[in-house]
Amino acid sequence: AEYMGGLMGPLHPATADQLAATVTAALGEKARRVTVALGEVTVVVSAADYPAAALILRDAKGCQFEQLIDLCGLDYSEYAEGRYDGRRFCVATHLLSISLNQRVRLKVFCDDDDFPVVATLNEV
């Protein structure tokens, strides 16, 4: 991809909006939501698409997220002072592209609030 007359890479990383567009195109229908806030890109995928989405984000040109740098479990039960009306548990992974000097947050909500489990990314 072109950026300021040159190629995107470690010295010229994509802007958050450019990265969001690249990630959206790479994931296609697997991306339930892609947002940019405070210069950070967040992608939400379904639990069924979670491992496949991680593989795409690792392998797709312009993404190349080679490293999982952080994994967090989130409990939304008290979010928005208890007025949140969605799935309770979420896993947020922060992925880093060393080669392109960019980051993305990949979020997946657990399908079952009583048994909050998602697939592992160990094989990715």
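Structure notes:
- Considering the conditions (1) over 24 Å from residue 122 (Cα atoms); (2) out of contact with any Phe, Trp or Tyr (no Cβ under 8 Å at 6 or more places or on another chain), residue 14 is excluded by exactly one of them, (2).
- Yes/no for residue 69 being at pLDDT 95 or above, in a strand (DSSP E or B) and over 10 Å from the mean Cα position of the chain (by Cα): yes
- When residue 63 is tested against (1) within 17 Å of residue 31 (Cβ to Cβ); (2) crowded, with 16+ Cβ neighbours inside 10 Å; (3) out of contact with any helix residue (DSSP H, G or I) (no Cβ under 6 Å at 6 or more places or on another chain), only condition (3) is not met.
- Enumeration of residues in the stretch 80-107 that are assigned to a loop (DSSP other than H, G, I, E, B) and more than 18 Å from residue 45 (Cβ to Cβ): 83, 84, 85, 98, 99, 100, 101
- Residue among 84, 76 that alone is farther than 24 Å from residue 98 by Cα, free of Cβ contacts under 8 Å to residues at least 60 places away in the same chain, aromatic (Phe, Trp, Tyr) and exposed (fewer than 14 other Cβ atoms within 10 Å of the Cβ): 84
- For the criterion of being modelled with pLDDT of 95 or more, closer than 30 Å to residue 12 by Cα and either among the polar types (S, T, N, Q) or in a strand (DSSP E or B) (or both), residue 57 fails.
- Test: residue in the stretch 99-111 that is small (Gly, Ala, Ser) and over 16 Å from residue 27 (Cβ atoms): yes
The values are calculated or read from the model by the stated rules, or taken from the named source; none is laboratory data. Worth saying up front: this structure is predicted, and the values here are computed from it rather than measured. Don't worry about glycine lacking a Cβ; one is built from the backbone with ideal geometry, like all the others, and counts go over all protein chains shown.
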